[in-house]
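The values are calculated or read from the model by the stated rules, or taken from the named source; none is laboratory data. As the structure is a prediction and not an experimental result, all values here were calculated from the model. Note: ideal-geometry Cβ built from the backbone for every residue, glycine included; neighbour counts use all protein chains shown. Side chains are part of the model used for accessible areas, which takes the heavy atoms of the whole protein and leaves out ligands, DNA and RNA. Shrake-Rupley method; radii C 1.70, N 1.55, O 1.52, S 1.80 Å.
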Amino acid sequence: MKAVVVNPNSTGVEVVEHDIPEIGYGEALVKVEYCGVCHTDLHVAHGDFGQVPGRILGHEGIGIVEKLGEGVTSLKIGDRVSIAWFFEGCGHCEYCTTGRETLCRSVKNAGYSVDGGMSEYAVVTAEYAVKVPEGLDPAQASSITCAGVTTYKAIKESGAAPGQWIAVYGVGGLGNLAVQYAKKVFNTHVVAVDINQDKLDLAKEVGADLIVNGHDIKDVPAYIQEKTGGCHGVVVSAVSKVAFNQAVDSVRAGGTVVAVGLPSEYMELSIVKAVLDGIRVVGSLVGTRKDLEEAFAFGAQGLVVPVVEKVPIDSAPQVFEDMEHGRIQGRKVIDFSL
Ligand SMILES: [Zn+2]
Ligand SMILES: [Zn+2]
């Protein structure tokens with residue numbers, strides 16, 4: 001089978017011929033239909049989290065169960081399932097047993113610590129593979145497996161309630177889905193903040209009530225405070241320290257800033273403001289199996305529609321190179337039927 005793997009020098013990816021993997025107890029073999037290409041894959045390919053040459057990439061995989069290992073009771077042949085970044089937890093630690101399994105210290109991550117979904121066949125741990133509901137387009141499901149569930153969970157973490165104001169800093173692939181979940185699922189008013197007008201226009205199209213271009217507006221937090229009275233929650237998907245600092249100043253007293261983007265920097269947080277205004281700052285990492293099941297369900301209802309572009313597996317090295325140089329618009333999804 002063909003697979004996209006980290007190259008021997010951990011400087012990028014290559015497409016190789018790979019053996020179809022064997023399955024063990026509790027595992028299932030999945031014939032992959034689609035796998036999205038994410039910025040996290042680029043980090044893995046470059047060894048940013050530690051070098052893993054030869055690792056099959058991909059954590060936005062969707063495919064059909066073709067074979068079951070011994071002991072599998074949660075899946076049947078023909079089920080459509082996901083291959084997600086949260087691939088498997090230990091199942092018994094304090095995080096796994098209290099609804100915070102993505103924080104498990106023994107977590108396995110698809111396409112990083114174990115082989116992922118960028119290959120014609122992939123292995124999943126049956127109990128951790130989330131089923132894709134009927135009515136959800138599998139290419140769109142691939143996007144929900146990472147970007148969708150990440151933003152859905154982040155808005156949950158903000159404590160968003162109907163009628164409240166939620167700001168989304170950075171409305172690219174991730175942020176655009178955040179706008180959709182905030183508006184259509186949580187029934188909030190949404191502010192979209194970016195420095196790219198095309199992305200802002202797209203955010204407006206999918207439901208943002210107010211768009212703010214950081215290039216045009218001098219004092220973004222002051223503008224947001226004036227227009228909304230301060231947001232109840234802010235989700236920061238932008239990979240920029242400036243956005244994090246502005247986010248803190250965009251919330252009202254009692255507001256929550258949810259960090260999703262990963263700039264390798266520190267944010268400035270006024271201790272006085274944090275105390276006197278009772279501001280919460282929380283990090284949010286992908287989502288649990290239950291979060292993904294919910295994120296899929298809202299996709300199947302048509303409330304959230306990821307925009308994807310299908311590409312053949314042989315174009316993967318080019319896609320990674322384009323991503324590295326910021327030339328990607330929207331989500332590229334490897335279509336294994338092409
Ligand atoms: Zn991803
Ligand atoms: Zn655990």
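Values computed for the structure shown
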{"quantity": "Residue in region 151-163 that is more than 14 Å from ligand 1 (Cβ to nearest atom), of a type in the set (A, V, I, L, M, F, W, C) and assigned to a helix (DSSP H, G or I) present", "calculated": "yes"}
{"quantity": "Criterion violated by VAL65 - all others in (1) over 26 Å from VAL52 (Cα atoms); (2) of a type in the set (A, V, I, L, M); (3) open to solvent by 20 Å² or more (accessible area, probe 1.4 Å) satisfied", "calculated": "(3)"}
{"quantity": "Complete set of residues in region 128-142 that are open to solvent by 10 Å² or more (accessible area, probe 1.4 Å), within 17 Å of GLY287 (Cβ to Cβ) and either hydrophobic (A, V, I, L, M, F, W, C) or away from ligand 2 (no atom under 16 Å from the Cβ) (or both)", "calculated": "ALA129, VAL130, LYS131, VAL132, PRO133, GLN140"}
{"quantity": "Sole residue being open to solvent by less than 60 Å² (accessible area, probe 1.4 Å), under 22 Å from PHE320 (Cβ atoms), more than 10 Å from ligand 2 (Cβ to nearest atom) and over 18 Å from the mean Cα position of the chain (by Cα), chosen from ALA122, ALA84", "calculated": "ALA122"}
{"quantity": "Hey, GLY89 within 16 Å of ligand 2 (Cβ to nearest atom) and in contact with a helix residue (DSSP H, G or I) (Cβ under 6 Å, 6 or more places away or on another chain) or not", "calculated": "yes"}
{"quantity": "Matching residues, region 99-111, being more than 16 Å from ligand 1 (Cβ to nearest atom) and either open to solvent by 80 Å² or more (accessible area, probe 1.4 Å) or charged (D, E, K, R) (or both)", "calculated": "ARG100, GLU101, ARG105"}
{"quantity": "Residue count, region 162-171 (criterion: in contact (Cβ under 8 Å) with a residue 60 or more places away in the chain and open to solvent by 20 Å² or more (accessible area, probe 1.4 Å))", "calculated": "2"}
{"quantity": "Count of residues meeting criterion [away from ligand 1 (no atom under 16 Å from the Cβ) and buried (at least 16 other Cβ atoms within 10 Å of the Cβ)] in region 23-50", "calculated": "7"}
{"quantity": "THR145 within 16 Å of ligand 1 (Cβ to nearest atom), in contact with an Asp or Glu (Cβ under 7 Å, 6 or more places away or on another chain), open to solvent by less than 40 Å² (accessible area, probe 1.4 Å) and touching a residue at least 60 places away in the same chain (Cβ under 8 Å)", "calculated": "yes"}
{"quantity": "Filter pass, GLY71 being assigned to a loop (DSSP other than H, G, I, E, B), away from ligand 1 (no atom under 16 Å from the Cβ) and at pLDDT below 95", "calculated": "no"}
{"quantity": "CYS96 within 16 Å of ligand 2 (Cβ to nearest atom), of a type outside the set (D, E, K, R) and either farther than 30 Å from ARG252 by Cα or open to solvent by less than 50 Å² (accessible area, probe 1.4 Å) (or both)", "calculated": "yes"}
{"quantity": "Every pair of residues 6+ apart whose Cβ atoms lie under 7 Å, when the first sits in region 18-42 and is at positive phi and touching a residue at least 40 places away in the same chain (Cβ under 8 Å) while the second is surrounded by fewer than 24 Cβ atoms within 10 Å (Cβ to Cβ) and assigned to a strand (DSSP E or B)", "calculated": "GLY26/THR125"}
{"quantity": "Verdict on VAL185 being among the hydrophobic types (A, V, I, L, M, F, W, C), over 20 Å from SER237 (Cα atoms) and away from ligand 1 (no atom under 16 Å from the Cβ)", "calculated": "no"}
{"quantity": "Candidate set from region 143-165 (those that are aliphatic (A, V, I, L, M) and closer than 19 Å to VAL286 by Cα); member that is farthest from the chain's Cα centre (by Cα)", "calculated": "ALA160"}
